Amino acid sequence: MKPSPESSRRRLESFAAYLGEQGLDLGLVYDRYNLCYLTGFLRPSAGVGEMKFPLLLVFPDREPVLLVNRGFQDLARETWQGEMIVYNCSDIHYKMVTYPEDAVALLRDYLISQRLSVRRLGAEERYLILAYYRLFADLYPQAEWQDLSGELQRRRACKDENEIALIRRAGELVDLGYRVVKEASVAGTTEIEVYNAANAAVHREVGTFTFFLGDFASGERSVAGGGPATDRVLREGETFICDLWATVHGYWADTCRTFVAGGKPTREQRKMHDVVLRAMGAGEALLRPGTRCAEVYRAIYEVFAAEGWDEHFSHHAGHGIGLHPHEAPFFIPASEEALEPGMTVTLEPGVYLPAYGSGVRCEDNYLITEEGFERLTHFPRGLT
């Protein structure tokens, strides 16, 4: 399942129109998440062949151009139908490793040949590498620069139908992972063995390499809140926090469940879990357009505060998901954001009590709709 070229094209055309409204002659997009958002092109998280130094040139009044290395031009063509400048990424008679100057030299020749008039230029100040900045500053020394980082982040917050479908599919993969994790979480098994079983099931479902990781933290590690799977052996009756992450063409699902090894939670563990689920419900009650994200955080926080556990709820209450696991909006006290239709978010209450020797966290993914929300992940929330 991949991004629709038509959906990517619509997003790109909207962004090009924005550049025109801002009086910009050219926009440069370098961040790989923003680039995927506008083109659908993304290198899978496998192997040694990272995306190198792609750059998207977006114009308000002419067709965009994608600069890409030769090794990934076929991959880019799966979703990108426009013009490409292809630079050499590896040649055993020349060099084995690509550096930015290989792309810069070809891009310089292209820009000079186009005789562009660039008076105002937009770029992502957070991400654009120095080699590209120097090239454009040299060719267009009088150009006024405008930062596009915030605008692209704002646009990515609300997903279209194709993006939602990719996130929904990622949610199906983590639900599958939990079915295996629950069955495998028995005393005497190691955390890494549980992860390996779930990872194998997800890869069998997908049929090729896919990104699948998460927190697999049992016992005292659950009190600390998380961490990758280790060779620690699960003991009877201890909590096991499993925060699973999967992606489909870069789009994330991020969820959490807590299990008890052996399936027999103590009274204290049940109480912790009940409070966490009440916090989830308090947050869900506010998931609708117009709600301020700080209000969602406060509603979840107050459930823990009422139990005297506020100091043991030490992290955010949730966040947006999309091409990045933590993107706008954010459920934190300082947030000034408000929910909008099309946002895909998580709620993530958790409490970690050294006195009980247990940590409990739960997390689900949601789509904000015109009427309220749709839950995108469905594995049961029980401890057993």
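The values are calculated or read from the model by the stated rules, or taken from the named source; none is laboratory data. Since the model is a prediction, treat every value here as computed from it, not as a measurement. Because the Cβ atoms are built from the backbone with ideal geometry, glycine has one as well, and the counts that use them run over all protein chains shown.
Condition test on VAL345, is it closer than 22 Å to VAL174 by Cα, hydrophobic (A, V, I, L, M, F, W, C) and not assigned by TED's automatic domain parsing to the domain that holds SER149?
Yes, satisfied.
Would you mind stating whether ARG126 is among the basic types (Lys, Arg), without any contact (Cβ under 8 Å) to a residue 40 or more places away in the chain and out of contact with any Phe, Trp or Tyr (no Cβ under 9 Å at 6 or more places or on another chain)?
Numbers: among the basic types (Lys, Arg): yes; without any contact (Cβ under 8 Å) to a residue 40 or more places away in the chain: no; out of contact with any Phe, Trp or Tyr (no Cβ under 9 Å at 6 or more places or on another chain): yes.
Answer is no for this residue.
Would the stretch 349-361 turn up any residue that is of a type in the set (S, T, N, Q) and surrounded by fewer than 18 Cβ atoms within 10 Å (Cβ to Cβ)?
No; the residues of the stretch 349-361 include none that is of a type in the set (S, T, N, Q) and surrounded by fewer than 18 Cβ atoms within 10 Å (Cβ to Cβ).
Can you name every residue in the stretch 174-212 that is small (Gly, Ala, Ser) and assigned to a helix (DSSP H, G or I)?
GLY177, ALA184, ALA197, ALA198, ALA200, ALA201
In the stretch 298-327, which residue that is farther than 28 Å from ARG169 by Cβ and not in a helix (DSSP H, G or I) is modelled with the lowest pLDDT?
Of everything passing the filter in the stretch 298-327, SER314 is modelled with the lowest pLDDT.
Go through the stretch 81-127 residue by residue and tally those that are closer than 20 Å to LEU35 by Cα, touching a Gly at 6+ places or on another chain (Cβ under 8 Å) and at pLDDT below 95.
1
Among (1) in contact with a Leu (Cβ under 7 Å, 6 or more places away or on another chain); (2) closer than 21 Å to GLY320 by Cα, where does ALA201 come up short?
Of (1) in contact with a Leu (Cβ under 7 Å, 6 or more places away or on another chain); (2) closer than 21 Å to GLY320 by Cα, only one is false for ALA201: (2).
Can you pull out every residue in the stretch 132-153 that is modelled with pLDDT under 95 and either more than 30 Å from PRO329 (Cα to Cα) or among the small types (Gly, Ala, Ser) (or both)?
SER149, GLY150
From (1) surrounded by 14 or more Cβ atoms within 10 Å (Cβ to Cβ); (2) touching a residue at least 40 places away in the same chain (Cβ under 8 Å), pick out the condition that doesn't hold for GLY23.
(1)
Within the set of pairs 6+ apart or on separate chains, which have a first residue in the stretch 187-209 that is modelled with pLDDT under 95 and surrounded by fewer than 18 Cβ atoms within 10 Å (Cβ to Cβ), a second that is outside any loop (DSSP other than H, G, I, E, B) and not small (Gly, Ala, Ser), and C-beta atoms under 6 Å apart?
No pair meets every condition.
Pairs only if they're at least six apart or on different chains, beta carbon under 8 angstrom, first in the stretch 135-157 and surrounded by 18 or more Cβ atoms within 10 Å (Cβ to Cβ), second part of a helix (DSSP H, G or I) and not hydrophobic (A, V, I, L, M, F, W, C); list them, first residue then second.
Close Cβ pairs (under 8 Å, with a partner that is part of a helix (DSSP H, G or I) and not hydrophobic (A, V, I, L, M, F, W, C)) amount to LEU135/ARG108; GLU151/TYR18; LEU152/ASN34; LEU152/TYR37; ARG156/TYR33; ARG156/ASN34; ARG156/TYR37.
Output the residues belonging to the stretch 130-159 that are under 30 Å from the mean Cα position of the chain (by Cα) and either of a type in the set (A, V, I, L, M) or assigned to a loop (DSSP other than H, G, I, E, B) (or both).
LEU130, ALA131, LEU148, LEU152, ALA157, LYS159
Give ARG77, ARG62, ARG70 a once-over and let me know the one that is modelled with pLDDT under 90 and out of contact with any helix residue (DSSP H, G or I) (no Cβ under 8 Å at 6 or more places or on another chain). Spell out how you get there, then give the answer.
Values: ARG77 fails: modelled with pLDDT under 90; ARG62 fails: modelled with pLDDT under 90.
After applying the criteria, what remains is ARG70.
Name the one entry in GLY281, GLY290, GLY226 that is farther than 27 Å from GLU371 by Cα and either touching a residue at least 40 places away in the same chain (Cβ under 8 Å) or in the same structural domain as GLY320 (by TED's automatic domain parsing) (or both). Break it down into steps so the answer makes sense when it comes.
Numbers: GLY281 fails: farther than 27 Å from GLU371 by Cα; GLY290 fails: farther than 27 Å from GLU371 by Cα.
Exactly one of GLY281, GLY290, GLY226 is farther than 27 Å from GLU371 by Cα and either touching a residue at least 40 places away in the same chain (Cβ under 8 Å) or in the same structural domain as GLY320 (by TED's automatic domain parsing) (or both), namely GLY226.
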